[in-house]
1. Consider Leu34 carefully, then state whether it is part of a helix (DSSP H, G or I), modelled with pLDDT of 75 or more and surrounded by fewer than 20 Cβ atoms within 10 Å (Cβ to Cβ).
2. Of these, Ala308, Ala371, Ala352, which one is out of contact with any Lys or Arg (no Cβ under 9 Å at 6 or more places or on another chain) and outside the structural domain of Ala259 (by TED's automatic domain parsing)?
3. Would you check which residues across the stretch 264-285 are surrounded by fewer than 18 Cβ atoms within 10 Å (Cβ to Cβ) and touching a residue at least 40 places away in the same chain (Cβ under 8 Å) and list them?
4. Go through the stretch 47-74 and count every residue that is closer than 17 Å to Leu96 by Cα and either touching a residue at least 40 places away in the same chain (Cβ under 8 Å) or not in a helix (DSSP H, G or I) (or both).
5. Could you list, in sequence order, all residues of the stretch 44-63 that are surrounded by fewer than 17 Cβ atoms within 10 Å (Cβ to Cβ), under 20 Å from Ala94 (Cα atoms) and among the hydrophobic types (A, V, I, L, M, F, W, C)?
6. State which residue is surrounded by the most Cβ atoms within 10 Å (Cβ to Cβ) when the search covers only the stretch 93-125 and only residues that are among the charged types (D, E, K, R) and not in a helix (DSSP H, G or I).
7. Kindly indicate whether Val90 is more than 34 Å from the chain's Cα centre (by Cα), surrounded by fewer than 18 Cβ atoms within 10 Å (Cβ to Cβ) and outside any helix (DSSP H, G or I).
8. How many residues are modelled with pLDDT under 75, of a type in the set (S, T, N, Q) and part of a helix (DSSP H, G or I) when one looks only at the stretch 244-291?
Amino acid sequence: MRLSLPAWLRPAPGSEAAERLRQGKSPWTEAVHLVWSVWVFVVPVFTPQGYDRTWLLWTLASYPPFVLLYARTMLAPRHLANRYALGMIVLATALLPVFPSGISYFVFGCLTLRTEGRHALRRYLLWLLALNAAFLGFSLALGYPWQMLVWLPVSTLGTGLAIAVQRLNRHKDAALRLSHDEVRRLAAVAERERIGRDLHDLLGHTLSLVALKSDLARRLVERDPAAAHREMDEVSRVARQALAQVRRAVSGIRSAQLAAELAAGKLLLETDGIALHYQVDDVPLPPAVETAFALILREAITNVQRHARARQVHVQVSAGTAALQLRIDDDGRGGDLVPGNGLEGMRARLQAVDGVLQLDSARGRGTSVIASAPWPACLDQADALAALAASAALE
């Protein structure tokens, strides 16, 4: 029998835990930070009373509500999460006269506060300064020695700002991913609209011609069989020509995926001041190869943006008589490549289309990623030569 959590322990839409779930991570990963609440159980070592009965009773009374408040900061919608963070601060302040260990609750409350929108970091810093000033003033008024409190603003301000910066960068990355997805979506929509117009223009004229000549052949079949045969031959020729045109048009749909990745990659790199130049041969790529090249391009550009420190990136997609090739060159720092999920993913995608991956990364001379894939078995060398000849004719 499967047990279900109560509603107040399930991630609400818009919560931190819900965001983790969307990223494919466990919503409970943030619970690891509760390890730092061990200070609740360590503080008595530094107090004259030690582990007395008062400490035990207040720990049993306050620690479960603290854990619940911390969980709610992760599970509640972001616009409500600060209520629970402030709840931890109120809990620590209320316990301060009788329970020194409750200072740890104040630290957790400060670190789980969130600010959104413009100047979020500045507002968060002001929140921390105000809360620390009030809490320290109250503690000193109660007779706490300053030596016991001096670490408090240092830890909350330093750690809090580091967490806030990390959170802001995560939100910026999420916004950037959304913009990339939107670029890909718009590229796909534009390509579909183009294909729709092309098909309408092609098939509208061609089918009208086929219908007209078929009617003419039907009328001539008894009166002039030779003329009827000529018209039927013309219908066959027009139909084959239309089929070839439709295939060329539909192949454009497949290339939209690579075009979208190029557009998204250009956007990603240019946000970091990296120029992207590309050259793509006008040859329809087989769908499986198209998908593999698009995903490899995405992974390579992401690696350049994160690690390469490059100024320029060149992408070339070329088609030979025996193989198709994707080449990505950057002028970054280069150096030893550490095998990881990214490189293994590239190799796995190429292996699925019987392709190979070559990497060249000399320190100080940038990195080259070369992905090669043979023409699929369903396209023999004659088909490849025909595609290249068609491309040359179009030029």
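1. Values: part of a helix (DSSP H, G or I): yes; modelled with pLDDT of 75 or more: yes; surrounded by fewer than 20 Cβ atoms within 10 Å (Cβ to Cβ): yes.
Here the answer is yes, as Leu34 does meet what is asked.
2. Numbers: Ala308 fails: out of contact with any Lys or Arg (no Cβ under 9 Å at 6 or more places or on another chain); Ala371 fails: out of contact with any Lys or Arg (no Cβ under 9 Å at 6 or more places or on another chain).
Going through Ala308, Ala371, Ala352 in turn, just one is out of contact with any Lys or Arg (no Cβ under 9 Å at 6 or more places or on another chain) and outside the structural domain of Ala259 (by TED's automatic domain parsing): Ala352.
3. To start, the set of residues in the stretch 264-285 that are surrounded by fewer than 18 Cβ atoms within 10 Å (Cβ to Cβ) comprises 267, 270-273, 275, 277-282.
Passing the criteria: Leu267, Thr271, Asp281, Asp282.
4. Of the residues in that region, 12 qualify.
5. Leu56, Leu57, Leu60, Ala61
6. Restricting attention to the stretch 93-125, the residues satisfying the condition of being among the charged types (D, E, K, R) are 114, 116, 118, 122-123.
Filter once more, so that each one left must be not in a helix (DSSP H, G or I): 114, 116, 118.
Working: Arg114: 17, Glu116: 13, Arg118: 8.
Here the answer is Arg114.
7. Details: more than 34 Å from the chain's Cα centre (by Cα): yes; surrounded by fewer than 18 Cβ atoms within 10 Å (Cβ to Cβ): yes; outside any helix (DSSP H, G or I): no.
So Val90 does not fit the description; no.
8. So the answer is 4.
The values are calculated or read from the model by the stated rules, or taken from the named source; none is laboratory data. Predicted model only: the values in this text are computed from it and were never measured. Neighbour counts run over all protein chains shown; Cβ positions are idealised from the backbone, glycine included.
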